[in-house]
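Engineer: Questions regarding the structure given below will be posed in turn.
The values are calculated or read from the model by the stated rules, or taken from the named source; none is laboratory data. None of these values were measured; they are calculated from a predicted model. With ideal geometry, Cβ positions are generated from the backbone for all residues, glycine too; neighbour counts draw on all protein chains shown. Side chains are part of the model used for accessible areas, which takes the heavy atoms of the whole protein and leaves out ligands, DNA and RNA. Shrake-Rupley method; radii C 1.70, N 1.55, O 1.52, S 1.80 Å.
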Amino acid sequence: MRYDKHKKKGKIIRMNQTLSNLRVLLPNGYQTCDVEIADGKFQRFIPVSSVTEPTLKMIPGFFDIHTHGA
């Protein structure tokens with residue numbers, strides 16, 4: 001994962017981020033991609049042919065809301 005930090009009024013804001021080698025659920029099924037994120041929004045899904053098996057899966061728009069404990 002890579003991101004660029006920029007300071008603005010004392011806060012650190014993530015401007016650009018690239019997640020590499022993910023299994024992403026797209027309309028045509030799962031595909032291995034790099035995902036570019038800018039200003040908190042998905043910008044591009046870049047298909048890649050990876051030698052190593054992706055360890056993380058991504059389902060854009062899905063939030064796993066659950067809690068542990070009482």
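Engineer: Looking at Gly29, is it open to solvent by less than 100 Å² (accessible area, probe 1.4 Å), at pLDDT below 85, out of contact with any Ser or Thr (no Cβ under 6 Å at 6 or more places or on another chain) and on the phi > 0 side of the Ramachandran plot? Show your work before the answer.
Structural biologist: Values: open to solvent by less than 100 Å² (accessible area, probe 1.4 Å): yes; at pLDDT below 85: no; out of contact with any Ser or Thr (no Cβ under 6 Å at 6 or more places or on another chain): yes; on the phi > 0 side of the Ramachandran plot: yes.
No, not satisfied.
Engineer: Would it be correct to say that Arg44 is open to solvent by 70 Å² or more (accessible area, probe 1.4 Å) and at pLDDT below 75?
Structural biologist: Here the answer is no, as Arg44 does not meet what is asked.
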